[in-house]
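*Asks:* Please read through the structure below; I'll follow up with questions.
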Amino acid sequence: MRIGLNGWFWGTPEVGSGQYVHHLLHSLLRVAPEHEYILYLPGAQPHAVNVPVPDGVRVRVVNTPFDRHWENLAKVWFEQVALPRAAQEDAVDVLHVPYWGSALVRRVPTVVTVHDLIPMLLLAYRGGILVRTYTRLVAEGARRADMVLTDSQASRRDIRRYLKVPAERVRAVPLAVDGMYRRVEDEERLTYVREKYRLPNRFLLYLGGFDQRKNVTTLIQAYAALVLTMKEAAQAQEHAASVLDVVLVVAGRLPTRDTRFFPDPRKIVRAFGIEEHVRFIGWVDEEDKPALYTLAEALVFPSLYEGFGLPVLEAMACGTPVIAANAASLPELVGDAGLLVAPRDVEGLAEAMLHVLENEELKAELSRRAREKALRFTWDEVARATLDAYEWVREFG
């Protein structure tokens with residue numbers, strides 16, 4: 001089978017779609033090296049052309065008339081005109097667009113991965129007229145694709161409901177994480193990461209973005225309530241005083257300014273007067289994340305909407321207890337391997353954090369369950385399920 005892959009996000013590991021196409025292609029080669037693979041790289045993204053491609057993959061650079069003038073228009077032309085034409089010229093059996101950007105008029109059998117429907121479902125993410133126009137374009141392109149892949153059953157339900165894709169043409173293929181995500185036992189490595197990011201001895205961890213749907217405001221409110229409760233307990237000479245030593249570590253690139261879409265968590269922390277209990281450590285290098293997860297008491301992830309939730313699976317693979325929102329895809333990912341709380345329930349989130357911090361048996365049990373469940377998610381399984389979709393499209397598309 002000759003398989004073509006859209007490589008617009010090739011060489012962009014800081015973007016989820018870039019990680020996805022990278023891991024998927026390497027895994028496809030590992031589990032099915034007998035097939036022919038063509039990676040179509042955009043002329044508008046010269047950095048992608050310079051990123052190494054694994055052996056056994058043919059690269060074709062696809063140019064558009066707008067590559068040096070307007071990247072947005074070049075992207076649309078690449079997706080809608082140049083890539084389908086190149087795939088048709090190469091007589092591919094299936095073309096996979098590994099992000100929401102398949103062509104309106106397909107020239108070859110096409111599979112598209114729609115990770116989530118955030119631009120359609122969340123009002124704040126719909127953007128201006130150009131973004132809304134693009135969303136309508138790619139939504140119609142997905143409807144016309146031979147197969148839609150998505151990351152979770154929650155997203156599959158959304159796609160069936162809002163894109164009106166028939167059940168047989170949309171499949172949930174859960175993602176996976178790199179093999180480096182596992183519990184770190186090397187004390188030197190743990191010490192290095194602790195010192196590099198100036199981490200406290202005990203801490204709860206949030207790692208992710210700061211846009212509205214990440215619900216960081218609720219997290220800080222809940223943590224402030226926890227701090228207040230513990231101070232009152234300490235004053236009453238109850239047993240919970242040691243919890244006051246647990247800091248909330250917030251990781252990720254902070255907003256450059258405070259807006260409604262990107263609320264600055266530092267401002268919220270100041271408003272609650274808990275600056276001494278919260279530490280912002282900024283961007284975390286990928287290779288440092290397993291140690292960071294290992295050192296944390298728990299990952300707290302109260303996101304309102306996730307197509308999958310990779311930070312949660314990363315933490316689970318490292319045996320870190322997870323406290324997550326009972327929303328969208330997160331319940332099917334976490335299951336009984338973590339604690340689930342209604343995303344706006346400030347009191348419930350504070351209680352869940354306290355429960356993990358005070359109960360060592362619970363913490364150990366959640367760690368064990370998390371690691372066991374994370375083992376079910378591998379890139380080889382992602383590749384096999386994706387190949388099955390390719391075969392279906394070749395036969396029935």
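None of the figures in this text is laboratory data; all of them are computed from the coordinates on show. Being a predicted model, the structure only gives us computed values, none of them experimental. Cβ coordinates were reconstructed from backbone atoms using ideal geometry, including for glycine residues, and neighbour counts include every protein chain displayed.
*Asks:* Using a cut-off of 11 Å between beta-carbons, work out the net charge of the residues near GLN153 (Lys and Arg +1, Asp and Glu -1, GLN153 not included).
*Replies:* For residues surrounding GLN153, the net value is +1.
*Asks:* Under 16 Å from a label point 7 Å along Cα→Cβ of ALA32: give me every residue in the range 111-145 with its amide N that close.
*Replies:* 111-113, by backbone N distance to the label point.
*Asks:* Helix 360-374 versus the longest principal axis of the chain: what is the Cα-based angle in degrees, 0 to 90, to the nearest 10?
*Replies:* For helix 360-374, the angle is close to 10 degrees.
*Asks:* Using +1 at the Cβ of each Lys and Arg and -1 at the Cβ of each Asp and Glu in the chain, identify which of TYR390, VAL173, ALA342 lies farthest towards the dipole's positive end.
*Replies:* Highest projection toward the positive end goes to TYR390.
*Asks:* Quick one: dipole size for the chain, taken about the Cα centre, charges +1 on Lys/Arg Cβ and -1 on Asp/Glu Cβ, in debye to the nearest 20.
*Replies:* Here the chain has a charge dipole of around 1520 debye.
*Asks:* In the neighborhood of ASN359, defined by Cβ-to-Cβ distances under 15 Å, what is the net charge if each Lys or Arg adds +1 and each Asp or Glu adds -1?
*Replies:* Spelling it out: positives minus negatives among the neighbours equals -2.
*Asks:* Once both axes come from the Cα atoms, what is the angle between helix 187-196 and the longest principal axis of the chain, in degrees from 0 to 90, rounded to 10?
*Replies:* Rounded to the nearest ten degrees, it is 90.
*Asks:* Gain in length, GLU381 to ARG260, computed as 0.36 nm per residue apart minus the alpha-carbon separation, to one decimal in nm?
*Replies:* 39.6 nm
*Asks:* By the gyration tensor of its Cα atoms, with a ≥ b ≥ c the square roots of the eigenvalues, what is the shape of the chain: rounded for a/c under 1.5, prolate for a/b over b/c, or oblate?
*Replies:* It is prolate, given that a/c is not under 1.5 and a/b is the larger ratio.
*Asks:* Run the numbers on the chain and let me know its relative contact order in percent, using alpha-carbon pairs under 8 Å that are six or more apart.
*Replies:* With pairs under 8 Å counted, the relative contact order is 15 percent.
*Asks:* Using label points projected 7 Å from each Cα along Cα→Cβ, tell me how many nm separate ARG157 and VAL59, to one decimal.
*Replies:* Placing both labels 7 Å along Cα→Cβ, they lie 4.3 nm apart.
*Asks:* Return the FRET efficiency for the residue pair ARG202, GLU71: r is the Cβ-Cβ distance, R0 is 56 Å, and the value is rounded to the nearest 0.05.
*Replies:* 0.80
*Asks:* ³J(HN,Hα) across the range 74-90 via Karplus (A = 6.51, B = -1.76, C = 1.60, θ = phi - 60°), whole Hz, x for Gly/Pro?
*Replies:* My calculation for the range 74-90 gives 4, 5, 5, 5, 4, 5, 8, 10, 5, 5, x, 5, 5, 5, 5, 4, 7 Hz in order.
*Asks:* Right, here's the next one. Using Cα positions and a limit of under 16 Å, work out the lysines in reach of LYS289, with same-chain residues fewer than 8 apart set aside.
*Replies:* LYS289 reaches LYS196.
*Asks:* What is the range 187-374 by shape, rounded, prolate or oblate, if you read a ≥ b ≥ c off the alpha carbon gyration tensor as root eigenvalues and call it rounded for a/c under 1.5, prolate for a/b larger than b/c, and oblate otherwise?
*Replies:* Rounded, because the longest to shortest axis ratio a/c is under 1.5.
*Asks:* Using Cα atoms only, what is the angle between the long axis of helix 346-358 and the major principal axis of the chain, expressed in degrees (0 to 90) to the nearest 10?
*Replies:* Relative to the chain, helix 346-358 is tipped by roughly 70 degrees.
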